[in-house]
Amino acid sequence: MVGLLPELRAFSRFLSHDRVRADDLVQEAVMRALASRAQFDPSTNLKAWTFTILRNLFYEQGRRRKREQAVLEQYGSGTRMNASPDADSYQVSDLDSMLWQLSPLLREALMLVGAQEMSYDEAAVICGVAVGTMKARVSRARAALIAIRDCAVKDN
């Protein structure tokens with residue numbers, strides 16, 4: 001697999017057009033390949049197998065970014081009748097900073113269930129916790145975001 005790294009990196013750079021993102025894609029693809037090495041059939045082509053993992057990862061991340069963008073756009077277009085345009089633009093521009101005020105566990109739970117549109121079951125498996133724990137984290141994250149937003153609005 002080490003011998004394939006330059007070729008994986010070149011293919012990743014071709015797909016992403018970004019050196020840093022390409023390196024991240026290769027790293028994640030190698031991690032996935034190593035985690036799934038029991039599924040590899042030695043009579044098949046290792047290069048084709050790893051390139052397929054890399055390609056699928058690239059498209060998966062693209063779909064994820066589209067869903068995240070759609071969620072952000074929907075959040076931004078959810079204007080209230082008597083809210084000013086400035087208030088809505090403030091909410092959209094400040095969403096990122098509000099999310100980063102959450103603890104990493106709450107932010108992760110909210111991103112998986114909210115932005116990634118995963119079920120609570122899927123998110124719980126990814127995080128290695130019980131479904132009830134995932135539901136509680138998402139609930140606490142949503143409540144914390146509302147509190148952060150309300151505090152910011154009150155301060156202005």
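So the values come out like this:
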item	result
Cβ pairs under 6 Å, 6+ apart, first in region 13-39 and of a type in the set (A, V, I, L, M, F, W, C), second in a helix (DSSP H, G or I) and open to solvent by 100 Å² or more (accessible area, probe 1.4 Å)	A22/R13
Restricting region 53-84 to residues that are out of contact with any Pro (no Cβ under 8 Å at 6 or more places or on another chain) and among the polar types (S, T, N, Q), the residue that is modelled with the lowest pLDDT	N82
Top-ranked residue in region 94-151 [being under 22 Å from A70 (Cα atoms), open to solvent by less than 70 Å² (accessible area, probe 1.4 Å) and outside any helix (DSSP H, G or I); ranked as modelled with the lowest pLDDT]	Q116
Those residues of region 10-47 which are part of a helix (DSSP H, G or I), under 20 Å from R63 (Cβ atoms) and open to solvent by 100 Å² or more (accessible area, probe 1.4 Å), in sequence order	F14, Q27, M31
Long-range neighbours under 7 Å by Cβ, at least six apart or interchain, first residue more than 23 Å from R32 (Cα to Cα) within region 120-137, second loosely packed, with under 14 Cβ neighbours inside 10 Å	V131/D121
Selection status of L4, open to solvent by less than 50 Å² (accessible area, probe 1.4 Å) and either assigned to a loop (DSSP other than H, G, I, E, B) or over 25 Å from R63 (Cα atoms) (or both)	yes
Members of region 110-154 that are in contact with a Phe, Trp or Tyr (Cβ under 9 Å, 6 or more places away or on another chain) and more than 23 Å from G62 (Cβ to Cβ)	V131, G132, M134, K135, V138, A152, V153
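The values are calculated or read from the model by the stated rules, or taken from the named source; none is laboratory data. Quick caveat: nothing in here was measured; it's all calculated off a predicted structure. Positions of Cβ are backbone-derived with ideal geometry, glycine not excepted, and every protein chain shown enters the neighbour counts. Side chains are part of the model used for accessible areas, which takes the heavy atoms of the whole protein and leaves out ligands, DNA and RNA. Shrake-Rupley method; radii C 1.70, N 1.55, O 1.52, S 1.80 Å.
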